[in-house]
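For reference, the structure is listed below as structure tokens.
Just so it is clear, none of the values below were taken in a lab; they were calculated from the coordinates. All values reported here derive from a predicted model rather than from experimental measurement. As a convention, Cβ positions derive from the backbone with ideal geometry for all residues, glycine included, and neighbour counts pool all protein chains shown.
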Amino acid sequence: MPFEEQNAIRAQIKASTGLDVIVEYDGLQLPSSDKKPFLTIELLNDAGTSSTKLRDSVASTNLYQLGIYPQTNRQQRELSAQIKQALLFHTYDGFQVLDNVSIAPIPPESPSDEVNFHRAFVSFTTSRRDHKQ
């Protein structure tokens, strides 16, 4: 189910910001600094817990990290606000974004690393309940 969630989140973020969201995977080469702004999304972990004695339903949570790679600090703050609004105030089909959306600006490790200037990460959790068919 995380695949459908991720696609729904990517579509909502694109509609809100107008930017494509790149799915992170091992070996991904980020675009160069002249392609900024861009966004990335990554599923950090997923967890399922049975919530009934007969396993009639299972609650699942997924932790996502959305990377923001803007051109300026102002753009980073504007995109962060747009993304937070898009995540919290949109009704998704089959799951919900919990109220724990957090934004963490991350400085570049090296002054020559122009791709990572002004970047930030948005962490959020989704929750869904699946029922036995």
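Restriction of the trypsin sites (Lys or Arg not before Pro) in segment 100-133 to DSSP coil positions whose beta-carbon has at most 13 other beta-carbons within 10 angstrom yields LYS132.
Once the Cα atoms of helix 2-17 and of the chain are each reduced to a long axis, what angle between those two axes, in degrees from 0 to 90 to the nearest 10, is obtained? The two axes meet at around 40 degrees. Evaluated with a Cβ-only charge set (Lys, Arg +1; Asp, Glu -1), the chain carries a dipole of roughly 400 debye about its Cα centre, given to the nearest 20. Using the Cβ-Cβ distance between ASP99 and ASP46 with R0 set to 25 Å, the FRET efficiency from 1/(1 + (r/R0)^6) comes to roughly 0.85. Starting from the 7 Å offset along Cα-to-Cβ, what nm value, one decimal, do you get for the label separation of GLU114 and ASP26? Inter-label distance under the simple model: 3.2 nm.
Karplus-based coupling profile of segment 105-122, in residue order and whole Hz: x, 10, x, x, 6, 9, x, 8, 8, 5, 5, 8, 5, 6, 6, 8, 10, 10, with θ = phi - 60° in 6.51 cos²θ - 1.76 cosθ + 1.60 and x standing for Gly or Pro.
In straight-distance terms, cross-link reach from LYS84 covers every one of the aspartates and glutamates whose alpha-carbon lies under 12 Å from its own, apart from those fewer than eight places away in the same chain; here that gives ASP99.
Relative to the longest principal axis of the Cα atoms of the chain, the long axis of helix 73-88 makes an angle of roughly 10 degrees.
Summary of packing: across the peptides 70-80, 84-94, the per-residue average of other C-beta atoms within 10 Å ranks them, highest first, as 70-80, 84-94.
All other residues whose Cβ lies under 12 angstrom from that of PHE38 are scored, Lys and Arg at +1 and Asp and Glu at -1, for a net of +1.
Working note: 222 nm ellipticity from helices only, DSSP H runs with n ≥ 4, each -39,500 (n - 2.57), summed and divided by the residues of the chain, gives -8000 deg cm²/dmol to the nearest 500. Dipole of the chain computed with +1 at Lys/Arg Cβ and -1 at Asp/Glu Cβ about the Cα centre; of GLN96, TYR69, PRO107, farthest Cα towards the positive end is GLN96. Legend: calculated FRET efficiency, LYS14 to GLN133, from the Cβ-Cβ distance at R0 = 35 Å, rounded to 0.05, equals 0.65.
Pairs of Cα atoms nearer than 8 Å and 6+ residues apart set the relative contact order; for the chain it is 26 percent.
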